[in-house]
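Accompanying notes for the structure given below.
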Amino acid sequence: MPKKNAREIKEKSSQTLIEESLESIQNWEPHVRAFLEVFEDSARAQAKKADANKEQGKLHGLPVAIKDLILTTEGHTTAASKILETFESPYDATVIKRLKAAGAIIVGKTNLDEFAMGSSNEYSAFGPVKNPWDMSRVAGGSSGGSAVAVATGEAWAALGTDTGGSVRLPASFCNVVGLKPTYGRNSRFGVIAYASSFDQVGIFSRTVKDNALLLEILAGQDEYDATTAREPVGDYTGACQKGVKGLTIGLPKEFFGKDVEPEIAETVSGAVKQLEKLGARLQEVSLPLMHAAVPTYYLLVKAEASSNLARFDALRYGKLPVQAKNLLEHYLESRGKYFGSEVKRAILMGTYTLSAGYVDAWYKQASRVRTLIRREFESLFEQVDVIAGPVSPEGVFPLGSKADDPLKMYLADLLADPASVAGLPALSVPAGFSNSLPVGMQLIAPHFREDLLFQAAYAYEQSQDWWQKVPEIPRTE
């Protein structure tokens, strides 16, 4: 069944859309585990109210899924961690308020790597998300649940967060559109922090234009988040109509080098050639510092994570039973018992990086390299409008193949980390299949030029039919 855009979907009543969403959830969830919590009763009640309401917002009655790292007054917000299993938020995040103001209906909270730490969605305390194209494969992380919810039709769209590829990687692996906006484009108020100078709320959708519409609604300055930019919100849906004639697209040779599987490089090269046929000009470029992006990224994010995670002690958030004689024992028991392995690893790595005697050698040095990487991109964008390449150096990998090898897992972000380190907007758009599994093309633009991403991605999307392919519900014997 071909995917439909927002206008085609909105021809149906909200109640019909919600029932279709809930039916898809019922059919798919036993196989993929994309959701941690589904809000059936509240979704139905909101849909009934929406159909009776004559004033309709841009997202009137559309079902949207939310990564369980973003605060909602509905249900719980667990960050896929045992330490927050019982936590209920007293308020909505700013992005949730904006969704609701536009008429969207929250159908549930999606699964993720615990506290957004992972590239495969295998580090969830409540079980891994499985790829709907092949149940033996990962969905990508950390926002795998949100990507799967959109790929399977369980939701019209979904929100995730992208720190170092956590929207783009699962979007690529699941054949949907995934956007990481410029740092500061979307509010982080009400989003549980992993690494505060990297995190951005991202968007999953079935089409490029739907993604653009959602960004128009979510973007903009927020009085509750001092890191949001004053930069005006663009006409992103309008940008979709401009075509690519006159655009210069840079192809970093490092994005197609020896570290990238030949099949992936070939698939994305075919997508880039299609952009050339549509009128874009291709230019080979280089990002010499790309090799430094992964170590720079992980040094900085683990340091920030160790500080951000200090607040979680089973006392202030999500009170949990702990047998302890004193406060120190309580901390050791609660954090030792309720944190998963990757979270503990982040705390240890980050604390070490920030410790006396090492902060200058590691953290401050990584901060300097981050600035150099950002300047390298700025110099490159004086020559080209958009950069194109694969999202991941490899195809969709099997469940369990990297879960016990953190270094291999970190290298899955090899091509996604550079844009994150530089704070740039980046988007994954379906670009084909390799070995019957989806492959995404990554587009990167200058700061606050999401319009260029949508301009190039929409032109490519409309020139082929990869985006229309959807997975089939597995047969049960």
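Observations on the model:
- Among the conditions (1) buried (at least 23 other Cβ atoms within 10 Å of the Cβ); (2) among the aliphatic types (A, V, I, L, M); (3) over 25 Å from SER124 (Cα atoms), VAL369 misses just one, which is (1).
- Count of residues meeting criterion [in contact with an Asp or Glu (Cβ under 7 Å, 6 or more places away or on another chain) and either crowded, with 19+ Cβ neighbours inside 10 Å or closer than 19 Å to ALA303 by Cβ (or both)] in the stretch 317-340: 4
- Verdict on GLU231 being in a helix (DSSP H, G or I) and either more than 21 Å from VAL191 (Cβ to Cβ) or not aliphatic (A, V, I, L, M) (or both): no
- Qualifying residue in the stretch 308-320 (condition: in contact with a Lys or Arg (Cβ under 8 Å, 6 or more places away or on another chain), of a type in the set (Phe, Trp, Tyr) and either at pLDDT below 95 or assigned to a loop (DSSP other than H, G, I, E, B) (or both)): yes
Conditions (1) out of contact with any Ser or Thr (no Cβ under 8 Å at 6 or more places or on another chain); (2) hydrophobic (A, V, I, L, M, F, W, C), marked per residue:
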| position | (1), (2) |
| --- | --- |
| VAL369 | no, yes |
| GLY423 | no, no |
| LEU427 | yes, yes |
| TYR460 | yes, no |
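- Flag for GLY243 being touching a residue at least 60 places away in the same chain (Cβ under 8 Å), surrounded by fewer than 19 Cβ atoms within 10 Å (Cβ to Cβ) and not in a loop (DSSP other than H, G, I, E, B): no
- Close Cβ contacts (under 8 Å, 6 or more residues apart or on different chains) running from residues in the stretch 311-337 that are on the phi < 0 side of the Ramachandran plot to residues that are among the acidic types (Asp, Glu) comprise LEU320/GLU85; VAL322/GLU333; GLN323/GLU333; ALA324/GLU333; HIS330/ASP313; TYR331/ASP313; SER334/ASP313; ARG335/ASP313.
- Test result for GLN15, farther than 30 Å from PRO321 by Cα, not in a helix (DSSP H, G or I) and not basic (Lys, Arg): no
- Verdict on SER42 being buried (at least 17 other Cβ atoms within 10 Å of the Cβ) and either free of Cβ contacts under 8 Å to residues at least 12 places away in the same chain or among the small types (Gly, Ala, Ser) (or both): no
- Flag for PHE87 being over 20 Å from GLY440 (Cα atoms), touching a residue at least 12 places away in the same chain (Cβ under 8 Å), assigned to a helix (DSSP H, G or I) and not polar (S, T, N, Q): no
- Qualifying residue in the stretch 357-364 (condition: in contact with a Lys or Arg (Cβ under 8 Å, 6 or more places away or on another chain), assigned to a helix (DSSP H, G or I) and modelled with pLDDT of 90 or more): no
- Every residue from the stretch 81-107 that is under 13 Å from LEU159 (Cα atoms), touching a Ser or Thr at 6+ places or on another chain (Cβ under 9 Å) and among the small types (Gly, Ala, Ser): ALA93
- Whether a residue is over 22 Å from LYS319 (Cα atoms) and either under 15 Å from the mean Cα position of the chain (by Cα) or surrounded by fewer than 21 Cβ atoms within 10 Å (Cβ to Cβ) (or both) was assessed, and ASN111 does not pass this test.
- Scanning the stretch 287-295 for residues that are surrounded by fewer than 17 Cβ atoms within 10 Å (Cβ to Cβ), modelled with pLDDT of 95 or more and assigned to a loop (DSSP other than H, G, I, E, B) turns up nothing.
- Within the stretch 250-270, the set of residues being of a type in the set (D, E, K, R), within 16 Å of ALA416 (Cα to Cα) and not in a helix (DSSP H, G or I) comprises ASP259, GLU261.
- In the stretch 65-87, the residue that is surrounded by the most Cβ atoms within 10 Å (Cβ to Cβ) out of those that are modelled with pLDDT of 95 or more and acidic (Asp, Glu) is ASP68.
- Among the residues listed as SER120, SER143, the single one being under 15 Å from the mean Cα position of the chain (by Cα), polar (S, T, N, Q) and farther than 14 Å from LEU36 by Cβ: SER120
- Answer from VAL343, VAL391, VAL359 - the residue that is farther than 28 Å from LEU84 by Cα, crowded, with 18+ Cβ neighbours inside 10 Å and of a type in the set (A, V, I, L, M): VAL391
The values are calculated or read from the model by the stated rules, or taken from the named source; none is laboratory data. Just so it is clear, the structure is predicted and the values come from calculations on it, not from any experiment. Every residue, glycine as well, gets a Cβ built from its backbone with ideal geometry; the counts of neighbours run over all protein chains shown.
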